[in-house]
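The values are calculated or read from the model by the stated rules, or taken from the named source; none is laboratory data. Predicted, not measured: the structure shown is a model, and the values here were computed from it. Here the Cβ is made from the backbone with ideal geometry for all residues, glycine too, and neighbour counts use every protein chain on show.
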Amino acid sequence: MEINEQILSKLGIEALNPMQEAAQIAILQEKTTFLIAPTGSGKTLAFLLPLLQILDSKKNSVQCLILTPSRELAMQIENVWKSMGTGMKVNVCYGGHSMATEIQNLSNPPALLIGTPGRIFDHITRKTFDLGGVKTLILDEFDKSLDLGFHDQMSYIIGNLRNLNKRVLVSATYGIKIPEFVGFTSPVTLNFIPENEEKKALEMKVVISESKDKVDTLFDLICSLNSESALIFCNHRDAVERTSELLNEMGIYTTFYHGGMDQDDRERALILFRNGGVNYLVTTDLAARGLDIPEMKHVIHYHLPIQEHEFTHRNGRTARMHASGTSYLLFHRNEFRPKYISESIEELILPENSPLPQAPEFVTIYVSGGKKNKLNKVDIVGFFSKKGELERGDLGLIEVKDFMSFAAVKRSIFRTLLEKIKDEKIKGKKYKVEVAR
């Protein structure tokens, strides 16, 4: 189909994968579709592409509603839609975002509305947009929304969508129980979870700590990974912050991420990790899925989750598609092990006196201006190259947000850069430029 080729060209993709092709056919033809595919397989594009034929660009109403469990996933879907260059308006609504801004955006209704259940519930009770035009409902990472306690909000939202003629449920987990309120009658199920391949690609190792406080063992494990990045999962927010702080004191470059942080701080943590400013992200299960972060070779379970499906999602951050990876399970010798953990998992004996991981290759530089200040990547590259005299290869990933920007700069030259540009202006305006914290 010609329009797909144009879209794929914009996204830098040569062709759809089999899952995306099957999803496109099913979503267009069926009233109810249940799509199950691994993290990192391209599910977002799989359910967005059919919308090009479902949505009517001439209608001035919300026609499709996408519910997601987290603001990060909502923004990620929004970014993919914008990158497709459809010409049709999209808005995103989530907790922590300005309600006044969202209401203003909805006064000129988008064809596609993306949001978290709590915030969309709030908008429906406020009657900020007309529900009558919503014909398509997509529930992304549906099981995670249930785990986070959004059952009542989703039931209320779906109960108020009287004119639905198409429902799509998307998950990386097979076997979840679908509540009656979803209205899923005789769905076409597309299951693309390659169980055998996944088991071969993912290696699991048990690491035993002689101490109940396992941080020293965690340190030794990280030092044994040859300076390769890792995700480190804890069960609680305070444990995430404490573990990250202790590792930093021990010389490991980490940052932390959890649902109790302000949105700006959460975005900043992910950017630091994405662009190589830190090599280790200590996090809750919030980072187990739906986030735009690199493929990982190593996933470390500092704490084991109670539910097996959360363990599966954590492990889904590595050994994706045709890659391989290792999942490390840290236990105190007498610690209780969940029933889903096999006794046959091999124990890893850590080498003694492994060297500290190398410092990250890049340092993340913060700029106090973004898209709303009419700054873009080209402006930042030009500024750092001309005023900061950076050479090709000195700059890494650059991300421009609404009111701030971040650029990865080689660690070996970042101090020289900051000294050279401290009194300079970008496009005639002085911005704060400093190391991101």
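Scanning region 279-338 for residues that are within 20 Å of Leu221 (Cα to Cα), within 14 Å of the chain's Cα centre (by Cα) and hydrophobic (A, V, I, L, M, F, W, C) gives Leu281, Met296.
Taken over region 77-114, residues that are touching a helix residue (DSSP H, G or I) at 6+ places or on another chain (Cβ under 7 Å) and either closer than 19 Å to Lys43 by Cβ or without any contact (Cβ under 8 Å) to a residue 12 or more places away in the chain (or both) amount to 10. All conditions but one from (1) assigned to a strand (DSSP E or B); (2) closer than 18 Å to Gly118 by Cβ apply to Val170; the one that does not is (2).
Considering region 149-167, the residues that are out of contact with any helix residue (DSSP H, G or I) (no Cβ under 7 Å at 6 or more places or on another chain) and part of a helix (DSSP H, G or I) include one that is nearest to Thr68 (Cα to Cα), namely His151. Here Ser145 meets each of (1) surrounded by fewer than 18 Cβ atoms within 10 Å (Cβ to Cβ); (2) at pLDDT below 90; (3) outside the structural domain of Thr318 (by TED's automatic domain parsing); (4) not charged (D, E, K, R) with one exception, condition (1).
What residue, among those in region 416-437 that are outside any loop (DSSP other than H, G, I, E, B) and of a type in the set (D, E, K, R), is nearest to Lys371 (Cα to Cα)? Looking at the filtered set, the residue picked out is Lys429.
Comparison of Gly370, Gly393, Gly428 shows that the only residue that is free of Cβ contacts under 8 Å to residues at least 12 places away in the same chain and among the small types (Gly, Ala, Ser) is Gly428. From the residues in region 318-334 that are in a loop (DSSP other than H, G, I, E, B) and at pLDDT below 80, which one is nearest to Met19 (Cα to Cα)? Taking the candidates together, the pick is Met321. Scanning region 340-357 turns up one or more residues that are over 21 Å from the mean Cα position of the chain (by Cα), within 23 Å of Phe414 (Cα to Cα) and not assigned by TED's automatic domain parsing to the domain that holds Asn17. Selection of region 108-144 for residues being assigned to a loop (DSSP other than H, G, I, E, B) and not polar (S, T, N, Q) yields Pro109, Pro110, Ala111, Lys127, Phe129, Asp130, Leu131, Gly132, Gly133, Val134, Lys135, Glu141. When region 84-107 is filtered for residues that are within 21 Å of Leu139 (Cα to Cα) and not in a loop (DSSP other than H, G, I, E, B), the ones remaining, listed by number, are Met84, Val90, Asn91, Val92, Cys93, Glu102, Leu106. It is to be established whether one or more residues within region 125-139 are at pLDDT 95 or above, under 26 Å from the mean Cα position of the chain (by Cα) and closer than 26 Å to Asp402 by Cβ. Yes, because at least one residue in region 125-139 is at pLDDT 95 or above, under 26 Å from the mean Cα position of the chain (by Cα) and closer than 26 Å to Asp402 by Cβ. Scan the strands (runs of 3 or more DSSP E) fully inside region 214-309 and keep the ones with 1 or more residues being out of contact with any Asp or Glu (no Cβ under 8 Å at 6 or more places or on another chain) and polar (S, T, N, Q). Ranges flagged: 254-257, 280-283.
Residues checked against (1) modelled with pLDDT under 85; (2) surrounded by fewer than 22 Cβ atoms within 10 Å (Cβ to Cβ); (3) at positive phi:
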site: Gly259; (1), (2), (3): no, yes, no
site: Asp262; (1), (2), (3): no, yes, no
site: Ala269; (1), (2), (3): no, no, no
site: Phe273; (1), (2), (3): no, no, no
site: Thr284; (1), (2), (3): no, yes, no
site: Ala287; (1), (2), (3): yes, no, no
site: Glu295; (1), (2), (3): yes, yes, no
site: His301; (1), (2), (3): no, no, no
site: Gln307; (1), (2), (3): no, yes, no
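Selection of region 199-220 for residues being within 25 Å of the chain's Cα centre (by Cα) and touching a residue at least 60 places away in the same chain (Cβ under 8 Å) yields Ala201, Leu202, Glu203, Met204, Leu218. Among the criteria (1) crowded, with 16+ Cβ neighbours inside 10 Å; (2) modelled with pLDDT under 90; (3) not charged (D, E, K, R), the one Ser186 does not fulfil is (1). Scan region 369-415 for residues that are of a type in the set (A, V, I, L, M) and in a helix (DSSP H, G or I) and the total you get is 3. The residue pairs whose first member lies in region 221-234 and is outside the structural domain of Thr326 (by TED's automatic domain parsing), whose second member is crowded, with 23+ Cβ neighbours inside 10 Å and at pLDDT 95 or above, and whose beta carbons are closer than 8 Å, counting only pairs six or more residues apart or on different chains, do not exist in this structure.
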